[in-house]
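Everything below concerns the one structure shown next.
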Amino acid sequence: MRAIPPDGLPVPPQSVAEQLNLGCFCISLDRRELADALDRAVRSEGFAARLGASHPTLFSNVPVFVPSEMLAQMMLIVGAVEEAARLPAYRAAALAYAPLSARQDFGPLGAFMGYDFHLASDGPKLIEVNTNAGGAFLNALLAGAQRACCPEDRFAVRAPTESDFAERVARMFVAEWQRQRSKGRPALIAIVDDMPEKQHLYPEFQLAQDLLEKQGIRAVIVDPAQMVYDGQKLTAEGQVIDLVYNRLVDFSLDEPRHAALKAAYLQGAVVVTPSPHVHALLADKRNLSLLSDDARLEDWGLPAAYRAVLRNGLPQTVVVTRANSEDLWRERRNLFFKPARGHGSKAAYRGDKVTRRVWDEIVSGEYVAQTFAAPTVRNATVAGESIALKTDIRLYTYAGELLLAAARLYQGQTTNMRTPGGGFAPVLQVTDSGPSPE
């Protein structure tokens, strides 16, 4: 007989994935194998040791189990979002509040799109879209360093091999180049961020550089303040840059230190991916209010099948205004508040934690309010103690195709990559018709 909770409703049966996430520890991270893979990837002995010392909570010891049908539903949501973003009326609405630098479309679709999900009993919920989604290169190596003490055929593990991932990445950057330049391939790719060596994920830039060079594409890591644009070509330390893999969080390139890059981008002298245009169409969080407005999508001509996917897959989202602020304050316990052009969970707030002081900042700023979608839980152990970690799932995609699925484990209001026992984790697919845990 199943337990009856206090509200009198029966406890729903757990899926195989839920049971595994709560109690399976027979697959764990082989840190020695991961260290060898990291050192090998960048051809530098001791790279992994230095990474472990500087980023002790970057990788979790446990994987996250996800039902295969859930992953398929997530990809349907990705497809519906990108289909909506092709509608002329949607594009006009999204670009109406975009910066001027985002108005021009040069063709690229955006390398390493990141779609972040929480998993609910009625299906995955898309909580955020990112155009500078970090972690893919690290997660590609992490997925291959899992140690199982049970037969591997118990799980439908579908992580790409290192070589498969590398080939997909190279094809993606060549495709981005050809969407703007029609043919050929870039001779030099610049991996760009402010003061890159001081960035938390700088080791990933090194992995990206090495992967591209092994695929026959020269790559450099560049601070945009070092760039020079002469009206025809963009250079850094005398080298002509053909394509920029953009990891900046200045999504519109408006900061003075990005002036050379912005000028070259606006004149089409360099291919930039992801670009201000792609960020404006997909990653500005105000767009979630468009995508969760079924009546407006119907008026704009989005087919019923896509609208049905978005109705179930997107938490209701509205832009915070002074006109609706009192209603939102009353409903805040069921809401999550995010800055429209924010990144990395910065200045994002769970509604039940918001004070009046913070609320005044939210109302006076550019924020959206999203119906709260609770994350699922993955149990882990730290120093012999059991802990419960919140989980979100990130899909790295290109042109609507899945490149890699990964998870982030954390405690607190938002993902932070600093929780003991947490960090990046591989996604292992299971089916409810498959074997149950022993």
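The values are calculated or read from the model by the stated rules, or taken from the named source; none is laboratory data. Values in this document were obtained by computation on a predicted structure and should not be read as measured data. Here the Cβ positions follow ideal geometry from the backbone for every residue, glycine too, while neighbour counts run over all protein chains shown. Ligands, DNA and RNA are excluded from the accessible area calculation, which covers all protein heavy atoms including side chains. Shrake-Rupley method; radii C 1.70, N 1.55, O 1.52, S 1.80 Å.
Over the stretch 74-233, what is the relative contact order in whole percent, taking alpha-carbon pairs under 8 Å and six or more residues apart?
Value for the stretch 74-233: 18 percent.
Dipole magnitude of the chain about its Cα centre, charges +1 at Lys/Arg Cβ and -1 at Asp/Glu Cβ only, in debye to the nearest 20?
About 480 debye.
Cβ neighbours within 10 Å, averaged per peptide: list 163-169, 77-83 in order, most packed at the top.
With the highest mean Cβ count within 10 Å placed first, the list reads 77-83, 163-169.
For Lys183, Lys262, Lys338, give me the order by solvent-accessible area with a 1.4 Å probe, most accessible first, ignoring ligands, DNA and RNA.
Lys183, Lys262, Lys338
Quote the accessible area belonging to Tyr265 in square angstrom, nearest 10, computed with a 1.4 Å probe and with ligands, DNA and RNA left uncounted.
Counting only protein heavy atoms, the figure is 10 Å².
For the chain, which whole-number percentage of the solvent-accessible area (1.4 Å probe, protein heavy atoms only) is attributable to carbon and sulfur atoms?
51 percent
Lys/Arg Cβ at +1, Asp/Glu Cβ at -1, dipole of the stretch 107-227 taken about the Cα centre: which of Ala187, Thr161, Leu212 is farthest positive-ward?
Ala187
Mind grabbing the accessible area of Met113 for me, 1.4 Å probe, Å², rounded to tens?
0 Å²
If you wrap a convex hull around the Cα atoms of the chain, how much volume per residue is inside, in Å³?
167 Å³
Leaving ligands, DNA and RNA out of it, rank Tyr229, Tyr398 by accessible area with a 1.4 Å probe, largest first.
From most accessible down to least: Tyr229, Tyr398.
For the chain, what is the relative contact order in percent, using Cα pairs closer than 8 Å and at least 6 residues apart in sequence?
Rounded, it is 25 percent for the chain.
Net charge around His277, counting only other residues with Cβ within less than 9 Å of its Cβ (Lys, Arg = +1; Asp, Glu = -1)?
Taking every Cβ under 9 Å from that of His277, the sum is 0.
State, to one decimal in nm, how far the label point of Asp36 lies from the label point of Glu401, with both points 7 Å from Cα in the Cβ direction.
Going from the Asp36 label point to the Glu401 one covers 3.1 nm.
Starting from the Cα gyration tensor of the stretch 286-417, take the square roots of the eigenvalues, sort them a ≥ b ≥ c, and report rounded, prolate or oblate (rounded when a/c is under 1.5, otherwise prolate if a/b is larger than b/c, else oblate).
In terms of gyration-tensor shape, oblate.
Among rounded, prolate and oblate, which fits the stretch 329-400 when a ≥ b ≥ c are the square roots of the eigenvalues of its C-alpha gyration tensor, a/c under 1.5 means rounded, and a/b larger than b/c means prolate?
Here the stretch 329-400 falls in the oblate category.
What ranking of Trp300, Trp177, Trp359 comes out by heavy-atom accessible area, probe 1.4 Å, highest first?
So the residues, ranked largest to smallest area, are Trp300, Trp177, Trp359.
How large is the convex hull of the Cα atoms of the stretch 174-333 per residue, expressed in Å³ as a whole number?
Looking at the stretch 174-333, the number lands at 193 Å³ per residue.
What area, in nm² and to one decimal, does the C-alpha convex hull of the stretch 16-83 cast on average over all directions?
So the mean shadow area of the Cα hull is 7.0 nm².
How much accessible surface does Asp360 have with a 1.4 Å probe, in Å² rounded to 10?
Around 100 Å² of this residue is reachable by solvent.
Among bridges DSSP assigns within the stretch 184-270, what percent are antiparallel (round to 5)?
Counting only bridges with both partners in the stretch 184-270, antiparallel ones make up about 35 percent.
Going down the list Lys233/Lys346; Lys125/Lys183; Lys285/Lys353; Lys198/Lys262, which pairs span over 26 Å between their C-alpha atoms?
Lys233/Lys346; Lys125/Lys183
So in the chain, what percent of DSSP beta bridges are antiparallel if you round to the nearest 5?
The antiparallel fraction comes to roughly 75 percent.
As a test of understanding, state the convex hull volume per residue of the stretch 57-117 from its alpha carbons, in Å³.
Hull volume over Cα atoms, normalised by residue count, gives 146 Å³.
Apply 1/(1 + (r/R0)^6) to the Cβ-Cβ distance of Leu100 and Gln413, taking R0 = 25 Å, and write down the FRET efficiency to the nearest 0.05.
FRET efficiency, Leu100 to Gln413: 0.15.
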